[in-house]
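Taking it in order: structure first as structure tokens, then the write-up.
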């Protein structure tokens, strides 16, 4: 009954307020639910867009917008965070992937905080399945960039220098974020399974785990660890990525503590 009453309050507030800055009575009993709610993780898409396998995580529909059941989202989040702590202990590497506008900055920040590679522009086909070719092209870009910075390219004509500068800019757009990726990552951290379907398919072919925040319109079985929730709003994306980074760091700290002991 508390579950139903709480959601009744949530939906009422969605209709009658800005929601973000108004405390919800009774929510203090579960701060994790409160945090998910305040980040807007509960907002789904229109009912017509729902993937059948996401139905189990949906509480209901309001004004044709589906609302995630945060009491079912939370266990999936906790399961994912537990796995991330283990990965942190084991020193696993991730490739963060989020190419839509609302995800780009949060993806970059999260990846850089952990010193991990990331993709925020177009996913380049073969990044995982043709890894050697991709890494060779990355090295070519890095070599050209180093030559440009050192002035070595000045030996060419101005026309040739212009062409090389254009080539460097093009390669930077393609490979920025993965220049430090020396081997195939152990897992992808993905925002929106549907948007990043090419990356997810490549991960599946290479046996790479997929950790995903994804909305009502996607098949959750495509991910190894799924966090059902709002994958379109910046606040929701940033909150989930913050939890991912925190969990991984906790795992690393546990490993360091064990080593010292």
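Structure summary
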| quantity | calculated |
| --- | --- |
| The range 107-117, subset in contact with a strand residue (DSSP E or B) (Cβ under 8 Å, 6 or more places away or on another chain) and within 15 Å of residue 242 (Cα to Cα), residue surrounded by the fewest Cβ atoms within 10 Å (Cβ to Cβ) | 112 |
| Counted residues, the range 185-199 - those being touching a helix residue (DSSP H, G or I) at 6+ places or on another chain (Cβ under 8 Å) and under 16 Å from residue 117 (Cα atoms) | 6 |
| Matching residues, the range 66-86, being touching a strand residue (DSSP E or B) at 6+ places or on another chain (Cβ under 7 Å) and either surrounded by fewer than 14 Cβ atoms within 10 Å (Cβ to Cβ) or assigned to a helix (DSSP H, G or I) (or both) | 73, 76, 77, 79, 80, 83 |
| Criterion (in contact (Cβ under 8 Å) with a residue 40 or more places away in the chain and either closer than 28 Å to residue 135 by Cβ or not assigned by TED's automatic domain parsing to the domain that holds residue 102 (or both)) met by exactly one of 226, 244, 240 | 244 |
| Which listed residue is more than 23 Å from residue 203 (Cα to Cα) and in contact with a helix residue (DSSP H, G or I) (Cβ under 7 Å, 6 or more places away or on another chain), from 72, 47 | 72 |
| Subset of the range 43-71 (residues that are within 14 Å of residue 214 (Cβ to Cβ) and either assigned by TED's automatic domain parsing to the domain that holds residue 225 or touching a residue at least 60 places away in the same chain (Cβ under 8 Å) (or both)) | 43, 44, 45, 49, 50, 51, 53, 54, 57, 58, 66, 68 |
| All positions within the range 220-242 that are over 20 Å from residue 67 (Cβ atoms) and over 11 Å from the mean Cα position of the chain (by Cα) | 221, 222, 223, 224, 225 |
| Any chance residue 145 is modelled with pLDDT under 95, part of a loop (DSSP other than H, G, I, E, B) and over 24 Å from residue 92 (Cβ atoms) | no |
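The values are calculated or read from the model by the stated rules, or taken from the named source; none is laboratory data. Being a predicted model, the structure only gives us computed values, none of them experimental. Methodologically, a virtual Cβ is constructed for each residue, glycine included, from the backbone with ideal geometry; neighbour enumeration extends over all protein chains shown.
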